[in-house]
Each structure stands twice: as structure tokens, then as C-alpha cells.
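Below: the structure, in C-alpha cells.
Taken together, the values in this text are just the output of simple stated rules run on the coordinates, not laboratory data. This structure is a prediction, so every number in the text was calculated from the model and none was measured. Cβ sites come from the backbone with ideal geometry, for glycine too, and all protein chains shown count toward neighbours.
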Amino acid sequence: MYSEKNYSEQILAVNKRKGNVFTHTSDKFNQMLSNPYVGISPTVVMFVVFLLFPVAFTFFISFHNWDAVGPIADFVGLKNYSSLIISDKIFRVSFLNTCVLMVAGVSTQITLGILIAQLIKGVKGKTFFRVLFLLPLAMPMVSVGILWNLVFSPVVGILNILLQRILLLSNLGKTVWLGDPRTALFCVLIAYSWQYMGLYVAIFFAALQGVNPLFYEIADLEGANWLEKFIYVTLPMMKASFFICFMLCMVFTARLFPLVYTMTMGGPGNSTEILGHTIYKYGFRFFSMGSASAISVILLVFIILVVIGLVSVLKVEQPKMR
């Protein structure tokens, strides 16, 4: 006869078997998660999908004529590159303007950054100044472009009002800053430097905190003045920081499209045309994706070559583990 005791024992046996199955499954799942390749797989997938594939696709498109609508069928080899370098005036102007902004941006932002960092190093409330200089970096570049459009406006711009009513420079006070080919690129440089200079102030300020005061004491014993200490002590100890700032400045210069598009749209004429805006223009106005991709590849190769040159000049070495 089937008793209640036998029924309870069967229930317990079934639950035990289920528990063993669940425990075995859980162990296998935990073992799978402990595999390092499983841990890095989301990052690898994102890297391939959002970086490696777009770069490879850009290289592929640069050897074709494609209007972004029809099929990719017309292979032209190096024709896109040769036509850009030999006969394309817009490309040459944009490449020159990009180089000018890169050199001027590095010179202006890094020079001001290290000088300001040196000045606020011994000032009370230096945390406030660091936050103050970093505030423009938190603004979207489109907002920065709109803000400086208002500053340089010939009608309501604060710059012209300052020149006319306070400094009494009536001739300069009527200048159309963004409408004059002689001043438009300089205005873009000012807006660009204003937004990113605070980042270099923060980097150099942190680097200055890491300089051993003993070196300054030795320089004082040798009778060095403040300029000699700055040149022979401070600058050599900040070589790695200079390299980082040079790298960042080049990357930010290559990404100035939103600022240029908001302030001047590459004009007047082509006086503020840069490679980022030229890529947009060829790709989404002229629907010449082959030429736009070729410009992107040229910009990438140019930045890589400049970085290699910086590494060889600054001779930045990786710290050795002891």
C-alpha cells in the first residue's frame, strides 16, 4: 500500500536530483564566466563593430566611387587620392588650414597651459581655478561655436562693443570678424583654444606636483634664477606631459568639424575650411563617399606620422618595472 512516508521520500529524492542538476549547471556557468576571454568579449565586440569595421570600410570605400545610395561597384584604385592631391584646390586649402590650426593650437594652448599652471601652483584656492579652467571643456562644441558667434557678431558682439565704446577704436569696432577671410581662421583658433586650454592647465598642474622639490633646492644652491629653473628643471621633468598634450591637441584639431560648421561653415570662401569639414562636404553634400573616405585616410596617416615624429623628437620611453 502506498503510504504517505513513501510519497515524502520520493519527493525528497526528486528535489535532491533537481538540486544536483541546478548545482551542476551553476558550476558550469560560473566556470564559463571565469574564463578571461568571456570577460573581454563585450569590449572586443564593441571595438570590432564601432572602430575596426568603420576604419576598414573607410579604407575600402576610398578605392571606389560610391554615392552612398547605389551599390559599391566602381573600383578606381588610387584615383581618389591622386585627384585630391594633384588637382583639388579645396583639399589643399583645408589641409593647409588644418596644419595651421594644429601648429597654432599646440603653440597657444600648451604655452598658455604651462604658464597658467605655473602661476596657480602656489596660489590659494588653486582647486577653484582648476575647476574654472575646466568648465569650457564640459560644454558641447556646438554651444561653444554659438557662444563665440555672439562674441564676434558685428552687431551685438561684445568684442566690437568693447572696441568701440571702451577702447574707442572705431575702425576695429566695425570689423566683421567671421566674415573676413583674414580674421575668420584666427577667430576659430580663439574659440578652439578657449575650450581646450583648461585641459592642458590641469595636466601640467598635475605634472608640476610630481616634480621633486629637491631639484629646485639644488638649482638654488647653484644660483639658478626662476627662468633657468623652469627651463632646466621643470620642462625636462614634464616631457611625458608634453607628449600627452601634443597628442590630445592633434586629435582635437582633427575633430573641429562641429566648431567650424557652427561658426563659419568653412567660409568665407574656403578660409576656414578644414579636413573634417571637407570630409562632411564631399560625403554629404557632393555624395562622393570615395573622396570623403580618401580624405579620412589621409588625415589618419598624417596624424600617425606626426605622432611617430613626436615620439622620436621627445624620446618618450615607457617606465621600466623593477
Longest site-free stretch - the chain; sites: GluC sites (Glu not before Pro), DSSP loop, at most 12 other Cβ within 10 Å: 1-221
Mean ellipticity per residue at 222 nm, deg cm²/dmol - from DSSP H runs of n ≥ 4 across the chain, formula -39500 (n - 2.57): -20500 deg cm²/dmol
Cleavage-rule hits (trypsin sites (Lys or Arg not before Pro)) in the stretch 50-130: DSSP loop, at most 15 neighbouring Cβ within 10 angstrom: 121, 124
Label-point separation, residue 137 to residue 69 (7 Å along Cα→Cβ), nm: 4.4 nm
Over the chain, relative contact order from alpha-carbon pairs under 8 Å, at least 6 apart, %: 26 percent
Order by protection proxy (mean Cβ within 10 Å, highest first), peptides 281-293, 137-149: 281-293, 137-149
Size of electric dipole in the chain: Cβ of Lys, Arg +1 and of Asp, Glu -1, about Cα centre, debye, nearest 20: 340 debye
Sorted by Cβ density within 10 Å, fewest first, the residues 310, 159, 115: 115, 310, 159
Acute angle (nearest 10 degrees) that the helix 184-209 long axis makes with the longest principal axis of the chain, alpha-carbon atoms: 60 degrees
Principal-axis tilt of helix 111-120 within the chain, Cα atoms, nearest 10 degrees: 80 degrees
Per-pair calculated FRET efficiency, R0 = 22 Å: residue 119 and residue 222 via Cβ, rounded to 0.05: 0.35
FRET efficiency estimate (nearest 0.05) - Cβ-Cβ, residue 111 to residue 214, R0 22 angstrom: 0.20
Extent along principal axes [Cα atoms of the chain; Å; largest to smallest]: 114, 69, 44
Greater than 24 Å apart at Cα, pairs in 229/315; 121/229; 121/239; 126/315; 124/229: 126/315
Whole-number percent relative contact order across the stretch 64-210, with pairs defined as alpha carbons under 8 Å at least 6 apart: 28 percent
For 166, 295, 61, order by how many other beta-carbon atoms lie within 10 Å, fewest first: 166, 61, 295
